[in-house]
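One structure below.
The values are calculated or read from the model by the stated rules, or taken from the named source; none is laboratory data. Since this is a predicted model, take the numbers as computed values, not measurements. With ideal geometry, Cβ positions are generated from the backbone for all residues, glycine too; neighbour counts draw on all protein chains shown. Quick note on the areas: whole protein, heavy atoms, side chains included, nothing else; ligands and nucleic acids left out. Shrake-Rupley method; radii C 1.70, N 1.55, O 1.52, S 1.80 Å.
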Amino acid sequence: MLVYSYTGGGKSPENIFSDESPIQFTKGFSLFYNDYFGNEVKILYSEKFDAYIPIRYFKLKVFHFAQILHAPICNNLELKADAQQHFFEELVAYHQEHQLCQRFVQPHPYGILKAVPYGAQSCPFGTYINELSIMTDEELLFSFDPKYRKSVNHAEKNGATIKFGKDQFDIFYELYRQTTERARIHCDPVAYFEALYKNLGEKYIEIGVIYDQDQAIGAILLIATKYAALCTHAGSGGESKLYGGMKMLHYQMMLRLKHRGVRLYDLVGVRINSNNESLEGIFRFKKGFGGKLKEGYLWKMDIAKVQTRVFDMMMRIRYRSKSFRDIIDEETS
């Protein structure tokens, strides 16, 4: 395999990828991970499959880890399942031979894969994707669940307004912070988004906030190239009779991106046949926007099992009261 990097010296992939590629392959994305997390994103190329894959590398103490950030692509198209299977076998063997990491951790939820290499732990995972480029504005709305269409129309008829742009960041962030606080989940700090803007630029980031009169009631932030938009952060709050506010916001954001030439609108992740009933509401919410369910897997794998056993033991001793379970652990236990 050949290795490319925007940040680590050696051969740069700048002339290989463009605005038509997934954002995980762009220079700004690598710069963001390097700037904010101190990690390097390398893009590995398989001559056998003429395909590329972006991988994040990071270190904890003396232990090295790798994380797949997107499925392998050839000419900006994902490899089919059987090709991915063989690609991953080659990828694992390459990392074993060159001792690049001790473990492949679970891919990011926007990195759904179509195959699992032999010996890996995995769980089914999916995402709902609206194909913006193949529908008119009206067809896009009519692809929604009828109740969602009614909600969008209700919000529009009752005076909802939407503002887009970076100047909406403070409003977005407050709604996002409130939402994560209510849900008791991790909240990315302001510095995370500052680094995102610094390295990706406004060209690849979209913010939208919906208002009922002067009251902000919902907000979303996406990162996007023409390949796809990823809805990575969202929030809602405040009292309002506009029960369709968030649905209208998503619809108008879809239209905005569609007219900008973005092909896909990815709601970023749903668990399939989950053991956790509380997550069914998220599945139903995302399904209502009428996108196609892209099904696949998340997988992880130990490359050096002795070292990873030592690492896991150290984590259990040091953080007895904390859980380091990922989605795969939760869905397979």
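So for the chain, what are the equivalent ellipsoid semi-axes in whole Å, largest first, each being the square root of 5 times an eigenvalue of the Cα gyration tensor? Each step should come with its number before you reach the end.
On the way: eigenvalues 239, 101, 79 Å².
Working from the Cα gyration tensor, I get semi-axes of 35, 22, 20 Å.
Just want to confirm a number: the relative contact order over the chain, from Cα pairs under 8 angstrom separated by 6+ residues, in percent.
On the way: 625 pairs, mean separation 76.4, N = 333.
Taking the mean separation of contacting Cα pairs over the length of the chain, I get 23 percent.
Taking R0 as 25 Å, what's the FRET efficiency between Met313 and Ile282 from their Cβ-Cβ distance, rounded to 0.05?
Working: r = 34 Å, r/R0 = 1.35.
The calculated FRET efficiency here is 0.15.
Anyone know which of Arg56, Arg271, Arg256 comes out most mobile in the 10 Å Cα GNM of the chain?
It is Arg256.
Could you work out the percent of alpha carbon pairs in region 1-56 separated by over 16 Å, rounded to a whole number?
Values: 557 of 1540 pairs.
Everything past 16 Å amounts to 36 percent.
What number do you get for region 144-187 when its Cα radius of gyration is normalised by 2.2 N^0.38 Å, N = residues? Don't jump to the answer; show the numbers that get you there.
Numbers: Rg = 14.2 Å, N = 44, 2.2 N^0.38 = 9.3 Å.
Its radius of gyration relative to the 2.2 N^0.38 Å reference: 1.53.
Return one number: the angle in degrees, 0 to 90 and rounded to the nearest 10, between the long axis of the Cα atoms of helix 305-318 and the longest principal axis of the Cα atoms of the chain.
60 degrees
For the chain, what does the accessible surface come to per residue with a 1.4 Å probe? Please give it in Å².
Values: 16600 Å² over 333 residues.
Averaged over the residues of the chain, the accessible area is 50 Å².
Accessible area of the chain with a 1.4 Å probe: how many percent of it is carbon plus sulfur? Mind dumping the intermediate values first?
Details: 8150 of 16600 Å².
The value for the chain is 49 percent carbon and sulfur by accessible area.
In region 1-53, what GluC sites (Glu not before Pro) fall in a loop by DSSP, with at most 15 other Cβ atoms inside 10 Å? Before the final figure, lay out the partial values.
Details: sites: Glu14, Glu20, Glu40, Glu47; in loops: Glu14, Glu20, Glu47.
Sites meeting the loop and neighbour criteria: Glu14, Glu20, Glu47.
Which whole-number percent gives the relative contact order of region 128-251, counting Cα pairs below 8 Å spaced six or more residues apart?
Relative CO of region 128-251 lands at 32 percent.
For a quick check, take a GNM of the chain with Cα springs below 10 Å and name the residue from Gly165, Gly290, Gly126 with the largest mean-square fluctuation.
Gly165
Return the distance in nm (one decimal) between the two label points of a simple spin-label model at Gln178 and Asp329, each offset 7 Å from Cα along Cα→Cβ.
3.3 nm
With each label point set 7 Å from Cα along the Cα-Cβ vector, what nm distance links Phe37 and Gln99?
With each label placed 7 Å out from Cα toward Cβ, I get 2.4 nm.
Taking loop as defined by DSSP and a crowding limit of 14 other beta carbons within 10 Å, which GluC sites (Glu not before Pro) in region 180-249 fit?
Working: sites: Glu181, Glu194, Glu202, Glu206, Glu239; in loops: Glu239.
Answer in residue order: Glu239.
Under a Cβ-Cβ cut-off of 15 Å, what is the net charge of the residues other than Ala224 that fall near it, where Lys and Arg count +1 and Asp and Glu count -1? Each step should come with its number before you reach the end.
Numbers: positive: Lys166, Lys203, Lys226, Arg256, Lys258, Arg260, Arg263; negative: Asp19, Glu20, Glu131, Glu202, Glu206, Asp266.
With Lys, Arg at +1 and Asp, Glu at -1, the neighbours total +1.
Would you please classify the overall shape of region 283-333 from the alpha carbon gyration tensor, given that a ≥ b ≥ c denote the square roots of the eigenvalues, rounded means a/c under 1.5, and beyond that prolate means a/b larger than b/c while oblate covers the rest? Numbers along the way, then the final one.
Details: a/c = 5.06, a/b = 2.16, b/c = 2.34.
Taking the square roots of the gyration eigenvalues as a ≥ b ≥ c, region 283-333 is oblate.
Rounded if a/c is under 1.5, else prolate if a/b beats b/c, else oblate: with a ≥ b ≥ c from the C-alpha gyration tensor eigenvalues square-rooted, which is region 201-277? Intermediate results must be reported in sequence, preceding the final value.
Values: a/c = 2.08, a/b = 1.11, b/c = 1.88.
Oblate is the answer for region 201-277, as a/c is 1.5 or above yet b/c matches or exceeds a/b.
What is the spin-label model distance, in nm, from Gln215 to Arg256 if the labels are put 7 Å beyond Cα along the C-beta direction?
It works out to 2.2 nm between the two label points.
Which of Gly159, Gly245, Gly218 moves the most in a Gaussian network model of the chain with Cα springs under 10 Å?
Judging by the Gaussian network model, the answer is Gly159.
Quick one, what does Rg over Rh come out to for region 1-144 if you take C-alpha atoms and the Kirkwood Rh?
Details: Rg = 16.3 Å, Rh = 16.4 Å.
Value, to two decimals: 1.00.
Roughly how many Å is it from the Cα centre of region 51-96 to that of region 192-225, as a whole number?
Region 51-96 and region 192-225 have Cα centres separated by 29 Å.
Okay, helix-only estimate at 222 nm for the chain: each DSSP H run of n ≥ 4 adds -39500 (n - 2.57), divide by all residues, round to 500 deg cm²/dmol; what do you get?
-10000 deg cm²/dmol
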